[in-house]
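The values are calculated or read from the model by the stated rules, or taken from the named source; none is laboratory data. Given the structure is predicted, the values throughout are model-derived calculations rather than measurements. Here the Cβ is made from the backbone with ideal geometry for all residues, glycine too, and neighbour counts use every protein chain on show. Accessible surface is based on the protein model in full, side chains and every heavy atom, while ligands, DNA and RNA are left aside. Shrake-Rupley method; radii C 1.70, N 1.55, O 1.52, S 1.80 Å.
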Amino acid sequence: MEHFRKQSLPVIFVKVGFSSAYIEQPKNSPIFGLADQYKALELGTWGTEYHKDLDVLTSDYSVVKNRINPFYNTSLATVLSANNIDEVFMCGVSTNWAVHSAVMEAHDRDFKVNVIEDACAAANETNHNASIETLSRVASIIKTTDL
């Protein structure tokens, strides 16, 4: 993040979350379908806070998503377009779900896509590596040291 801020490039954080009424929750989703019953991922609660070790600044942009894909029904594409961004660098959790989905969507929207592999994580190394292998067909796979 520091690397991009030094170049005056936007840093965009994405989180999954739902309003307290859970009206936007996908009720039939195997992943999110029970969130309302457990009050999980409710915006404004500890479960949707960014990790304390992330350096989130007030000048950064935050996108709230209600699905796996951060482009789906969010302002992400608008923010990128408004800032004349044509190349994106992606990282996060989880490699085989959210990162994978975001990379594929960014590719299909004609962005040059870079995945910062050592800044991604999955439930296990097998899932991570399989996703990185697939994503290498549509994105450049880099390390933080490459920045």
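For a quick check of your reading: which helices (runs of 4 or more DSSP H) sit entirely within the range 38-147 and have at least 2 residues that are of a type in the set (D, E, K, R)?
Ranges flagged: 100-108, 125-135.
In this structure, Gln25 qualifies as of a type outside the set (A, V, I, L, M) and part of a loop (DSSP other than H, G, I, E, B). Taking each residue of the range 101-119 that is of a type in the set (Lys, Arg) and looking for partners that are open to solvent by 10 Å² or more (accessible area, probe 1.4 Å) with beta-carbon atoms closer than 6 Å, six or more apart or interchain, yields Lys112/Glu87. The lone criterion from (1) open to solvent by 30 Å² or more (accessible area, probe 1.4 Å); (2) within 17 Å of Ile31 (Cβ to Cβ); (3) more than 12 Å from the chain's Cα centre (by Cα) left unmet by Ser131 is number (1).
Take the residues in the range 18-57 that are at positive phi and touching a residue at least 12 places away in the same chain (Cβ under 8 Å), then tell me which one is surrounded by the fewest Cβ atoms within 10 Å (Cβ to Cβ). Here the answer is Gly44. On the stretch given as the range 58-67, residues that are surrounded by 13 or more Cβ atoms within 10 Å (Cβ to Cβ) and free of Cβ contacts under 8 Å to residues at least 24 places away in the same chain total 0.
Tell me, yes or no, whether the range 59-70 has at least one residue that is more than 30 Å from Lys143 (Cα to Cα) and modelled with pLDDT of 95 or more. Taking every residue of the range 59-70 in turn, none turns out to be more than 30 Å from Lys143 (Cα to Cα) and modelled with pLDDT of 95 or more. Considering only the range 105-124, state which residues are touching a Ser or Thr at 6+ places or on another chain (Cβ under 9 Å) and open to solvent by 70 Å² or more (accessible area, probe 1.4 Å). The answer is Lys112, Asp118, Ala123.
Any residue in the range 1-10 that is under 18 Å from Ala122 (Cα atoms), of a type in the set (A, V, I, L, M) and surrounded by 12 or more Cβ atoms within 10 Å (Cβ to Cβ)?
No.
For the range 68-89, a tally of residues being closer than 22 Å to Asp36 by Cβ and open to solvent by 70 Å² or more (accessible area, probe 1.4 Å) returns 2.
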